[in-house]
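Written out below as structure tokens is the structure these notes cover.
The values are calculated or read from the model by the stated rules, or taken from the named source; none is laboratory data. The structure displayed is predicted, hence computed values, not measured ones. Using ideal geometry, Cβ is built from the backbone for each residue, glycine included, and neighbour counts are taken over all protein chains shown. Only protein heavy atoms, including side chains, enter the accessible area calculation; ligands, DNA and RNA are left aside. Shrake-Rupley method; radii C 1.70, N 1.55, O 1.52, S 1.80 Å.
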Amino acid sequence: MLFNSYQFIFAYLPIVLIGCFLLARFAGAGVAQLWLIGISLYFYASWNAFYLPLLLGSILFNYAIAILMVRHDDEMRRKHLMLLAIAVDLGLLAYYKYTNFFLGTVNDLTGTKFIVATIILPLGISFYTFQQLTLLVDVSAGRIKSFRFRDFLLFVLFFPHLIAGPIVHHREMMPQFEEASYRFKWSNMAVGLTLFAAGLFKKTILADGIASHIAPLYTEAAVGHTVTLLYAWAAVVGFTLQIYFDFSGYSEMALGLARMIGIKLPMNFYSPLKSVGIIEFWSRWHMTLTRFLTAYLFNPQATALHRWWMGGGRKGVRGVKTKYSAFLMLVGLPTFSTMFLAGLWHGAGYQFLVFGALHGIYLATNQGWRLYRTKLFKDTPRYHAIMRPLGLVATLTCVFVANAYFRADSVRTGSNLVAGMFGFHGVGLPEVFLSRLGGLGTMLSSLGVVFFPTSASNFLEVYAWAIVLLFVALTFPNILQALRDYEPALPSTAPPVAANAPSGWWQRWTGLLVWRPTVGWALATAAISAVGILALNQVTEFLYWQF
């Protein structure tokens, strides 16, 4: 069952809310929690009931590990239990997600012909696995002393974040679950409906609107046709905007669904395309995954390497070289390995490894630049005035190049697109332009521009979509900014986007779109809801649900 479906909007969601509010009123908050647990299990089972026992088995196993940790004061015993949980949880994830990829790699390297029956990836397995591991880490560290089984179930199963996040922490959610009344409140419903309507509009109108124009371009690249400059940029920029509005839409719908019940989820998406550096980009894109990777992959690696380095592990490195070597070892290496694994987490394919490796290089380079730029620019305001526009363009270009692989079905397809982006396949236009441009068309042809016998309408439509969506992404305030006075999400450590934007016109523009519980905003919310719902005739899955 998808958030963007008639079944969910007109049947499931009303039943969830009415049942929750009535039970909380007449039977108490505890019974309302049990209702949410049961209805969340139904939500998951509606996709494929066959994998419901896997989800429940995972929960029971991890709950048992958590209870054993709580009951044992011995730190070493807790550490062994934690290692057992990691081995089992990641082992299951590896089996369902990476078995065929591993065997395919072995076949490629050794010439063997291992064949495995099709393994269907259980919905949300990456997210509910990581979710439980965060809790176990807190229990192992002694930060959690006790909890009820009902709390554990609700922490994992709460349907707004069950499938694709955000990845939440115990300290964020448990106090809310315990203190929430689970009763109807106008303020929660108004904010929740606004978030849900904005997300639905982004998904069904903006993301799905450009998706049909992008797919043929990637298909052409996948079958081996060389993709020329303008077509390559259309494909890659178009897909970046598609996944931007798709994931942004999902994140806001999840926030809205939880808020209707009186629960605030952490912020997970905050205008990343406005970033002026790749570090800032990852602080705004899938923010809860970024903090998970930082806390549980990057920090342990960096700490271990630092201990080794300070303990005399390096040999024969002195003077200036020590600074460069230390940076590469203590920052560059853990950054690269973390993002390489993040690429593998996103998908079982070589193209995802390239995606992760590119972002690892980007982030390490950005970290190095932050250290080096102080030598070039002593005047911080002057630096920002010069480098902000350049940083925005550089960040977007890096994201576009990496996303060429993220969307591709293979490294070869992604490389075909990247080569086209940088002009290695020349420039091509629809053949109809040759006659329409007259003498200019003849001149372009003489300069090497190739005119293809393809439709001009899709070419023009994809560029129109890309220009409009890029304008929206770069200039419009996001819905969290519009709702900021009503705390639409848990606070985040991400800096406000306005800090990287001109103060005058930006403040005036964003001031016009500050949400208030007024008739005007109610009508606007109703309008975008109606438009989003009318577009549900072709229901498509959220892109991040595949992970």
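For the range 381-444, rounded, prolate or oblate, judged on the Cα gyration tensor with a ≥ b ≥ c (square roots of eigenvalues), a/c < 1.5 rounded, else prolate if a/b > b/c?
Taking the square roots of the gyration eigenvalues as a ≥ b ≥ c, the range 381-444 is oblate.
Could you pull out every residue, at least 5 positions away or on a different chain, whose amide H is within less than 5 Å of the one on PHE452? Hs are placed 1.01 Å off N in the peptide plane, and Pro or chain starts have none.
Residues meeting the amide H criterion: LEU429, GLU431.
Given axes a ≥ b ≥ c from the Cα gyration tensor, I'd like to know whether the range 231-309 is rounded (a/c under 1.5), prolate (a/b larger than b/c) or oblate.
In terms of gyration-tensor shape, oblate.
Straight-line reach from LYS145: which aspartates and glutamates fall under 17 Å, measuring Cα to Cα and dropping same-chain residues less than 8 apart?
Filter leaves ASP73, ASP74, GLU75, GLU172, GLU178.
Which lysines have a Cα less than 29 Å from the Cα of LYS203, not counting those fewer than 8 places away in the same chain?
Answer for LYS203, where 29 Å is the Cα cut-off: LYS97, LYS185, LYS264, LYS274, listed by chain and number.
Taking LYS323 as the anchor, which lysines have their alpha carbon closer than 25 Å to its alpha carbon, excluding any fewer than eight residues away along the same chain?
Within reach: LYS315, LYS375, LYS378.
Quote the relative contact order of the range 270-397 in percent (integer), defining contacts as alpha-carbon pairs under 8 Å separated by 6+ residues.
Relative contact order, the range 270-397: 34 percent.
How much net charge surrounds LEU536 when only other residues with a Cβ under 14 Å from its Cβ are counted (Lys, Arg +1; Asp, Glu -1)?
Net charge in that neighbourhood comes out at 0.
Which order do the peptides 64-70, 381-387 take when ranked by the mean count of other beta-carbon atoms within 10 Å per residue, highest first?
Averaged packing, sorted descending, gives the order 64-70, 381-387.
So what is Rg over Rh here for the range 236-379, counting just Cα atoms and using Kirkwood for Rh?
1.05
Share of Cα-Cα pairs in the chain beyond 30 Å, in percent?
56 percent
Of the listed peptides 396-403, 79-86, what is their order by residue-averaged count of other C-beta atoms within 10 Å, with the highest listed first?
In descending order of packing, they fall as 396-403, 79-86.
Placing +1 on the Cβ of each Lys and Arg and -1 on the Cβ of each Asp and Glu in the chain, which of LEU133, ALA385, TYR182 has its Cα farthest towards the positive end of the resulting dipole?
Highest projection toward the positive end goes to ALA385.
With the full set of protein chains in place, find how many percent of the accessible area of the chain is carbon and sulfur; take the probe as 1.4 Å.
67 percent
Taking a ≥ b ≥ c as the square roots of the Cα gyration tensor eigenvalues, with a/c under 1.5 meaning rounded and otherwise prolate when a/b beats b/c, else oblate, which class fits the range 42-86?
Prolate.
How large is ³J(HN,Hα), in whole Hz, for each residue of the range 4-16 in order, when computed from phi with the Karplus curve 6.51 cos²θ - 1.76 cosθ + 1.60 and θ = phi - 60°, using x for Gly and Pro?
Using θ = phi - 60°, the values come out as 9, 9, 4, 4, 6, 6, 9, 10, 4, 4, x, 5, 4 Hz.
Would you mind working out the magnitude of the charge dipole of the chain relative to its Cα centre, with +1 at each Lys and Arg C-beta and -1 at each Asp and Glu C-beta, to the nearest 20 Debye?
1680 debye
Please report the Cα spread of the range 1-122 along all three principal axes, rounded to whole Å, starting with the longest.
64, 48, 18
Starting from the amide H of PHE269, placed 1.01 Å from N in the peptide plane, find each other amide H under 5 Å away whose residue is 5 or more places distant or on another chain.
Here MET287 satisfy the definition.
Jot down the per residue volume, in cubic angstrom and as a whole number, of the convex hull over the alpha-carbon atoms of the range 163-321.
208 Å³
Test of understanding: express the Cα radius of gyration of the range 154-231 as a ratio to 2.2 N^0.38 Å, with N the residue count.
Relative to the rule-of-thumb radius for its length, the range 154-231 sits at 1.77.
If you roll a 1.4 Å probe over the heavy atoms of the protein chains, what accessible area per residue do you get for the chain, in Å²?
That works out to 46 Å² per residue.
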